[in-house]
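In what follows, a structure is listed as structure tokens, so that the remarks can point back to it.
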Amino acid sequence: MICCLFFYILFLFGLKMNRFIFFIFTIIFFLPGKVWSQVSVKAETFAEVIDALSANEDESLNFGRFSVGSNGGSIIISPDGLRTAQGTAVAAGGNYSPGRFMVTGAAGATFTIELPDEPAILVHDQSGKTMQVDGWLSDPPSGESLTLPDGSRLVSIGARLNVGTVDENPVGQYAGTFTITFAYN
């Protein structure tokens, strides 16, 4: 605009200037173009803190009582509580159960189950000899996005106990631990 004013003043004072060029320059300068402006707006943002996800072991994974023959075998507990024996292992009476965990958190939130990557080791209380637990299964299944409909959900864990011969796994109590991970997603 200052530039146009300058040329207009020169024109008024009688300087020889091509009227056509002055006219074109004035029109181009005053043509509407991009308007550069700035505006600030206050916007809202939200966050919600929810209850932490927690899990409690309601029932331990228990393979129960059994005996082994000359070749060993395995005892399998399914997540729904069925027990089967394979090989020369023979299931006997006594209590057995899948592991049961109560997962609690925010109602309607989703979570996942991560089963152990490696076998758990059960150790004989006197000899120190071991058995391995593997073949982990869960109900509901791991790898899926699960919901806490009312803020809680029961999860059952099953697995396979691999048993050696009587020499490898003498009579007595065996115990061990395993890690299962529950996480919001």
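Of PRO140, PRO116, PRO170, which residue is in contact (Cβ under 8 Å) with a residue 40 or more places away in the chain, in contact with a Ser or Thr (Cβ under 9 Å, 6 or more places away or on another chain) and over 18 Å from VAL68 (Cα atoms)?
PRO116
For region 58-91, filtered to residues that are open to solvent by 50 Å² or more (accessible area, probe 1.4 Å), touching a strand residue (DSSP E or B) at 6+ places or on another chain (Cβ under 7 Å) and in a loop (DSSP other than H, G, I, E, B), the residue that is farthest from ASP167 (Cα to Cα) is ASP80. Residue count for region 152-180 satisfying the condition of being surrounded by 12 or more Cβ atoms within 10 Å (Cβ to Cβ) and hydroxyl-bearing (Ser, Thr, Tyr): 4. Scanning region 92-139 for residues being in a loop (DSSP other than H, G, I, E, B) and surrounded by 15 or more Cβ atoms within 10 Å (Cβ to Cβ) gives a total of 9. Just a yes or no: is a residue in region 46-57 closer than 30 Å to VAL133 by Cβ, at pLDDT below 95 and loosely packed, with under 15 Cβ neighbours inside 10 Å? Yes: one or more hits.
Suppose the filter is open to solvent by less than 60 Å² (accessible area, probe 1.4 Å) and in contact (Cβ under 8 Å) with a residue 12 or more places away in the chain; does PRO149 pass it? Against the criterion (open to solvent by less than 60 Å² (accessible area, probe 1.4 Å) and in contact (Cβ under 8 Å) with a residue 12 or more places away in the chain), PRO149 does not qualify.
The values are calculated or read from the model by the stated rules, or taken from the named source; none is laboratory data. Predicted, not measured: the structure shown is a model, and the values here were computed from it. FYI the Cβ positions are ideal-geometry reconstructions off the backbone, even for glycines, and counts take in every protein chain you see. Ligands, DNA and RNA are excluded from the accessible area calculation, which covers all protein heavy atoms including side chains. Shrake-Rupley method; radii C 1.70, N 1.55, O 1.52, S 1.80 Å.
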